[in-house]
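Chemist: Below is one structure. I have some questions about it.
The values are calculated or read from the model by the stated rules, or taken from the named source; none is laboratory data. Keep in mind that this is a model prediction, so the values were computed, not measured. Please note: Cβ atoms are built from the backbone with ideal geometry, for glycine as well, and neighbour counts cover all protein chains shown. The area values use the complete protein model at the heavy-atom level, side chains included, leaving out ligands, DNA and RNA. Shrake-Rupley method; radii C 1.70, N 1.55, O 1.52, S 1.80 Å.
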Amino acid sequence: MSDSHELSRRDFIKVTTGIVGGLIGAVIGLPAIYYLIDPALREGGKEAWIPIGKFDDMQVGTPYSFSFTRVQVNGWERTASSFGGYAVRKSDSPDDLLILNSRCTHLACTVNWSAEANAYLCPCHDAAFDIEGAVLSGPPPHDLFVFDQHRLTEDGIIEIFFKEG
Ligand code: FES
């Protein structure tokens, strides 16, 4: 009889120790697990308004060069990508801006504005685009891409809407 009583006390201590140990493990372990998997659950910003320059600094008829970098977070991996373009101001109205992506539509080299040639020139395969991004010569299959949404902030800054991909 005494043996059975002794055994059940032992079992009680085992069970209690197991429960308390489990609770302590959960209190310590869950935040640690969350900390480890949290980056995998987060997504990098895929779209944003990007400031590209002051509207007053953009001269009518002269392409205004801009560039920016976006960091994409994919789990534990962070990838920085550079983008750029030209804002072509056509009048005093901020609505009258053409904002071109400077990535060549052939194989994605960066085109550069040449005032002398009055064209964007691609150094990779000698392509040329006119001031509004239309193909003049070379292998590109189509005109330069356009950032089709922009806005003027209260501080006079032009921002473009950038969407990844
Ligand atoms: S990448 Fe521009 S012409 Fe080939």
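Chemist: Assess whether His125 counts as being in contact with a Gly (Cβ under 7 Å, 6 or more places away or on another chain), more than 18 Å from Gly53 (Cβ to Cβ) and open to solvent by 40 Å² or more (accessible area, probe 1.4 Å).
Modeler: yes
Chemist: Going by the structure shown, is Phe147 more than 14 Å from the ligand (Cβ to nearest atom), at pLDDT below 95 and buried (at least 17 other Cβ atoms within 10 Å of the Cβ)?
Modeler: Working: more than 14 Å from the ligand (Cβ to nearest atom): yes; at pLDDT below 95: no; buried (at least 17 other Cβ atoms within 10 Å of the Cβ): yes.
No: the conditions fail for Phe147.
Chemist: A further question follows. Being open to solvent by less than 30 Å² (accessible area, probe 1.4 Å) and in a loop (DSSP other than H, G, I, E, B) is the filter; apply it to the stretch 77-108 and report the residue that is nearest to the ligand (Cβ to nearest atom).
Modeler: Out of the qualifying residues, it is Cys104.
Chemist: Same structure again: Exactly one of these conditions fails for Lys163: (1) free of Cβ contacts under 8 Å to residues at least 12 places away in the same chain; (2) surrounded by fewer than 14 Cβ atoms within 10 Å (Cβ to Cβ). Give me its number.
Modeler: (1)
Chemist: A follow-up question, please. How many residues are part of a strand (DSSP E or B), open to solvent by less than 40 Å² (accessible area, probe 1.4 Å) and either of a type in the set (Phe, Trp, Tyr) or within 18 Å of Arg151 (Cα to Cα) (or both) when one looks only at the stretch 48-76?
Modeler: Number of matching residues: 6.
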